[in-house]
Amino acid sequence: MLHLERYHRQITLKSFGIEAQKKLASAKVLVVGAGGLGCPVLQYLTAAGVGNIGIIDDDKVSLSNLHRQILFTSNDIGKLKTEAAFERLNAMNPEVQINIVSERITTKNAVEIIWDYDVIIDCTDNFPTRYLLDDVSRLIEKPLIFGAIYQYEGQAAIFNVIDADGFTTNYRHLFPEPPKPGEVPDCNDAGVLGVLPGIIGTIQATETIKLITGTGNPLINKLMTINILDYQTAIFQIPTENLTNENIPSTLKEFEQMNYELHCRIKQNGITNISSSEFKEIAELPDTVIIDVRETDELPKLELPYLSIPLSQLKENSNQINKRNIIVVCQSGKRSMIGAQILKEILDQDYTIGHLEGGINQLNQEINE
């Protein structure tokens with residue numbers, strides 16, 4: 001039952017009214033990622049009265065999340081984000097049906113999960129999942145509300161919707177190819193001001209409401225950028241040229257066979273993934289060296305002996321490595337994988353090369369639990 005008093009302030013808006021509210025109530029929206037972007041998206045769509053909201057995320061709440069993921073509290077640390085979000089959102093608006101999936105979205109489950117939703121919102125923080133969502137949304141013709149952040153800058157756009165001129169674009173029209181490894185660090189490595197994902201997530205929620213209700217001029221085939229240091233904003237028309245990349249899946253069968261981590265060059269055969277629980281034991285094996293590829297001023301420092309070679313200097317300084325068992329580490333595990341790939345390419349087969357999954361962040365989190 002639609003309780004009009006709850007939504008009275010937006011129903012009374014000119015050009016919105018009860019019909020727009022009914023459209024929200026009947027809409028089904030999937031939010032992929034319940035982190036910095038996902039939290040404000042979920043809060044505002046729930047408050048606005050979107051009838052059915054899905055949340056997919058396999059992560060747990062950690063202390064380092066709380067400065068920007070304001071849907072959660074200190075009491076939620078260690079809980080699955082989906083479960084903590086459900087509890088908070090259900091208390092906010094019990095009229096909304098909240099469906100949670102506490103797993104990572106993959107090529108094996110994506111089609112089944114998103115099929116019944118009207119709109120997909122990309123609140124992820126990594127390129128493999130962005131390209132995965134872009135491809136599957138394009139193939140099954142679902143509108144995709146995109147958002148991304150970097151330090152003090154953010155972006156938002158709407159893909160897979162035909163504009164008034166008959167054109168439609170997707171994420172690959174902006175970025176036909178994934179960036180080269182190390183070109184674009186995530187917020188674990190580069191940092192982010194906590195309010196930024198709140199701003200971009202709120203814009204994503206706004207665009208979703210506009211798209212569902214037909215209100216205003218949504219960012220269809222347009223990219224909005226904002227820098228919160230000086231509030232410079234811009235809106236760009238996304239180019240609509242045909243994409244000819246042979247690596248783009250053209251059928252759902254091809255999509256299900258894609259390896260997006262390899263596509264984005266994050267994984268490579270021959271590199272051992274070392275978990276936090278295995279790290280210390282393996283690090284203490286004979287003839288083993290730990291190589292920290294972070295910048296020299298990054299904290300916290302490792303307590304074990306290590307060799308510091310920033311990623312940008314790794315190739316020309318590989319001659320400093322004088323042991324055969326190599327473990328590459330960084331803050332979040334992204335740069336260490338790239339460093340391991342570099343060493344795999346330039347060192348001979350006598351070397352055993354691994355990297356610390358989840359990086360020093362994950363290592364310290366497990367120590368503190």
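Residue count for region 101-110 satisfying the condition of being within 23 Å of L211 (Cβ to Cβ) and surrounded by fewer than 20 Cβ atoms within 10 Å (Cβ to Cβ): 1. Taking T106 and the conditions (1) within 25 Å of A157 (Cα to Cα); (2) not in a loop (DSSP other than H, G, I, E, B), which numbered condition does it fall short on, given that it satisfies the others? All conditions pass for T106, except number (2). Looking only at residues in region 111-134 that are part of a helix (DSSP H, G or I) and under 15 Å from the mean Cα position of the chain (by Cα), the one that is surrounded by the most Cβ atoms within 10 Å (Cβ to Cβ) is L133. List pairs: first residue in region 80-101 and at pLDDT 95 or above, second residue of a type in the set (F, W, Y) anywhere in the structure, Cβ distance under 8 angstrom, at least six positions apart or on different chains. Matching pairs, first to second residue: K81/F72; A84/F72; A85/F72; R88/F72; I98/F86; I100/F86.
If you take the residues in region 299-311 that are touching a residue at least 12 places away in the same chain (Cβ under 8 Å) and either among the polar types (S, T, N, Q) or exposed (fewer than 15 other Cβ atoms within 10 Å of the Cβ) (or both), which one is nearest to E345 (Cα to Cα)? Taking the candidates together, the pick is S308.
Restricting I238, I248, I212 to those that are more than 30 Å from L66 (Cα to Cα), among the β-branched types (V, I, T), open to solvent by less than 70 Å² (accessible area, probe 1.4 Å) and modelled with pLDDT under 90 reduces the list to I248.
When the residues of region 349-369 are narrowed to those that are more than 29 Å from V61 (Cβ to Cβ) and open to solvent by 80 Å² or more (accessible area, probe 1.4 Å), which ends up modelled with the lowest pLDDT? Here the residue is Q349.
Within region 107-119, residues that are closer than 11 Å to I140 by Cβ and modelled with pLDDT under 95 reach partners that are charged (D, E, K, R) and open to solvent by 30 Å² or more (accessible area, probe 1.4 Å) with beta carbons closer than 7 Å, at six or more positions or on different chains, in the pairs D116/K28. For P40, the stated conditions hold: it is open to solvent by less than 20 Å² (accessible area, probe 1.4 Å) and not in a strand (DSSP E or B).
Among the residues that make up region 333-341, is at least one of them hydroxyl-bearing (S, T, Y) and either at pLDDT below 85 or open to solvent by 10 Å² or more (accessible area, probe 1.4 Å) (or both)? No, region 333-341 contains no residue that is hydroxyl-bearing (S, T, Y) and either at pLDDT below 85 or open to solvent by 10 Å² or more (accessible area, probe 1.4 Å) (or both). Only one entry of Q10, Q21 meets the criterion of being open to solvent by 10 Å² or more (accessible area, probe 1.4 Å), among the polar types (S, T, N, Q) and more than 30 Å from Y150 (Cβ to Cβ), and that entry is Q10.
The values are calculated or read from the model by the stated rules, or taken from the named source; none is laboratory data. Not measured: the values here are computed from a predicted model. Cβ atoms come from the backbone with ideal geometry, glycine included; neighbour counts cover every protein chain shown. Protein only, heavy atoms only, side chains kept; ligands, DNA and RNA dropped before computing areas. Shrake-Rupley method; radii C 1.70, N 1.55, O 1.52, S 1.80 Å.
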